[in-house]
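This report concerns only the one structure given below.
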Amino acid sequence: MSAPNSNEGERPRALGRLVMLVTALVVLLLPFGCRSRHDRDPRVVGVFGGLGMGPGDFSYPRAVAADPDGTVLIVDKSGRIQRFSSEGKYIDGWRMPETEAGKPVGLTVHPDRRVFVADTHYHRVVIFSPEGEQLTTFGSEGDGDGQFRMPTDVAFDSDGNIFVSEYGGNDRITRWSPALMFDRVVVSGEVAGLGLSRPSAVDFDAEQTLWIADSCNHRLLRISRDGKLLGVFGSMGSEAGQMRYPYDIAVAPGGRIMVCEYGGDRLQWFDQEGHAQGTWGGSGREPGQLHAPWGAAYGANGMIYVVDSLNSRIQILRP
């Protein structure tokens, strides 16, 4: 009788070790498998930022604005304004002159590249040069002409007039001349059966009509430059055409209206007549998901920059 082959006993043991190793690797990689599904969202082309106080980090980012030069500006709850390349690389930044009373919730870049910041808790608008040098301010605390209570956003019409939204008791839109002189109250009080309630963002379309995110009424308003109501749509909810706290609004280059829903964890698009045109997002922390997004803007490159506030990051979205 021939002696048994010693390799015959080793083969089952080797196979068993291989199976155990493969099983362990599969278990180890399961969480990453879940993450990769979101990473493959074809519309997300970049994510930048993270929680912190260093350059390129964020402490609850609140607003985004696109500079005509292709960069983007972000303001966060620390009162910092940071500039990034279109790909999300940190370039430079500066701080608001005062922050003890509170921090800004809105900023807009003028076509001449001056940066207008709605300095909410100081009841004024602060204007900076593109390099961050403070140039001037306008407005003061109060309810009268030339005063603000809690300004939230700034927009410019084609004639250079400046439109400012505010809440905190005033809940109105005012118009200012290019020379920063108060002109008139454009919208205030009751609009289409509801009192304006925290108008959080404003933007103009190509026809020079003003779009307003009437956030606590969960609706959008379309207004002429002299204050005539042209349209109103939306209601509270999560269905198509409904909204939950629209905190930002931006008119796309093609004319569609993009709404950032702070309470809905999504972006939603509408045509000029108010018909829903699709959504993107959903609650979560993976790329392609949002957690209390405060704002969104179209960059000069056509990409969408989304302020994913409670995830302390910016997501770059393909339109």
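The values are calculated or read from the model by the stated rules, or taken from the named source; none is laboratory data. All figures in this text were calculated on a predicted structure; none of them were measured in a lab. In this analysis, Cβ positions are derived from the backbone assuming ideal geometry, glycine residues included, and neighbour counts consider all displayed protein chains. Remember, those area values only see protein heavy atoms, side chains included, never the ligands or the DNA or RNA. Shrake-Rupley method; radii C 1.70, N 1.55, O 1.52, S 1.80 Å.
Assuming a ≥ b ≥ c are the square roots of the Cα gyration tensor eigenvalues, decide whether the chain counts as rounded (a/c under 1.5), prolate (otherwise, with a/b larger than b/c) or oblate.
On the way: a/c = 3.00, a/b = 2.17, b/c = 1.38.
Prolate, because a/c is 1.5 or more and a/b exceeds b/c.
When we measure straight from the Cα of LYS103, which lysines land under 19 angstrom away, once same-chain ones fewer than 8 places off are left out?
LYS77
So for segment 103-226, taking the charge dipole from beta-carbon charges (+1 Lys/Arg, -1 Asp/Glu), which of ALA179, HIS123, PHE156 sits furthest toward the positive end?
Among ALA179, HIS123, PHE156, the one farthest towards the positive end of the dipole of segment 103-226 is HIS123.
Output the relative contact order of the chain, whole-number percent, from Cα pairs under 8 angstrom with separation of 6+ residues. Can you show the working numbers first?
Details: 815 pairs, mean separation 45.4, N = 319.
It comes to 14 percent, rounded to a whole number.
Between GLY46 and residues 5 or more places away or on another chain, which pairs have amide H atoms under 5 Å apart, with H built 1.01 Å from N, and which residues are they?
Amide H neighbours of GLY46, under 5 Å, 5+ apart: ILE316.
Explain nothing, just compute: Karplus ³J(HN,Hα) = 6.51 cos²θ - 1.76 cosθ + 1.60, θ = phi - 60°, for every residue of segment 261-273 in order, whole Hz, x for Gly and Pro.
9, 4, x, x, 6, 7, 9, 9, 10, 9, 8, 5, 8
Name the long-range amide H neighbours of ARG219: under 5 Å, sequence gap of 5 or more, or other chain; modelled H, no Pro or chain starts.
Counting only residues 5 or more places away or on other chains, the set is ASP214.
Of the residues ILE249, ILE173, ILE91, which exhibits the maximal mean-square fluctuation in a Gaussian network model of the chain defined by a 10 Å Cα contact cut-off?
Of ILE249, ILE173, ILE91, the Gaussian network model singles out ILE91 as fluctuating most.
Rounded to the nearest 5, what % of DSSP beta bridges with both residues in the chain are antiparallel? Present the calculation step by step, with values, prior to reporting the outcome.
On the way: 87 of 91 bridges.
In the chain, approximately 95 percent of DSSP beta bridges are antiparallel ones.
Please turn the phi angles of segment 57-65 into ³J(HN,Hα) values with the Karplus equation 6.51 cos²θ - 1.76 cosθ + 1.60 (θ = phi - 60°), one per residue in order, whole Hz, x for glycine and proline.
Per-residue couplings from phi come out as 8, 9, 10, 6, x, 10, 8, 9, 9 Hz.
Taking a cut-off of 18 Å between Cα atoms, list the lysines near LYS89, but don't count ones fewer than 8 places away on the same chain.
The reachable lysines, counting only those whose Cα sits under 18 Å from LYS89, number zero.
Compute the distance from the alpha-carbon center of segment 54-130 to that of segment 277-317, in whole Å.
17
Using Cα springs under 10 Å in a Gaussian network model of the chain, which residue among TYR262, TYR90, TYR298 shows the largest mean-square fluctuation?
Ranking TYR262, TYR90, TYR298 by mean-square fluctuation puts TYR90 first.
Given the Cα atoms of segment 78-175, and with Rh set as the inverse mean 1/r over their pairs in the Kirkwood sense, what is Rg to Rh to two decimals?
0.97
In the Gaussian network model of the chain, springs joining C-alpha atoms below 10 Å, which of PRO293, PRO42, PRO111 carries the largest mean-square fluctuation?
Result: PRO42 has the largest fluctuation of those listed.
Roughly what angle does helix 7-39 make with the longest principal axis of the chain, taking Cα atoms, 0 to 90 degrees, to the nearest 10?
Compared with the principal axis, the helix lies near 10 degrees.
Taking θ = phi - 60°, what integer Hz values does the Karplus form 6.51 cos²θ - 1.76 cosθ + 1.60 yield along segment 200-210, in sequence order, with x for Gly and Pro?
9, 7, 9, 7, 9, 9, 5, 7, 6, 9, 9
Round to a whole number: what % of the accessible area of the chain belongs to carbon and sulfur, probe 1.4 Å?
Numbers: 7470 of 14310 Å².
For the chain, the apolar C and S fraction of the accessible surface comes to 52 percent.
Just to confirm, what accessible area per residue do you get for the chain at 1.4 Å probe, in whole Å²?
Here the per-residue accessible area is 45 Å².
Mind ranking HIS110, HIS291 by accessible surface for me, highest first, 1.4 Å probe?
On the way: HIS110 30, HIS291 60 Å².
Correct descending sequence by accessible area is HIS291, HIS110.
Hey, what did segment 66-131 get for relative contact order, percent, Cα under 8 Å, at least 6 apart? Walk me through the intermediate numbers first.
Values: 117 pairs, mean separation 15.2, N = 66.
Once divided by the residue count of segment 66-131, the mean separation gives 23 percent.
List the residues whose amide H sits under 5 Å from the amide H of ARG225, counting only those 5 or more places along or on another chain, with H placed 1.01 Å from N in the peptide plane.
Correct list: LEU210.
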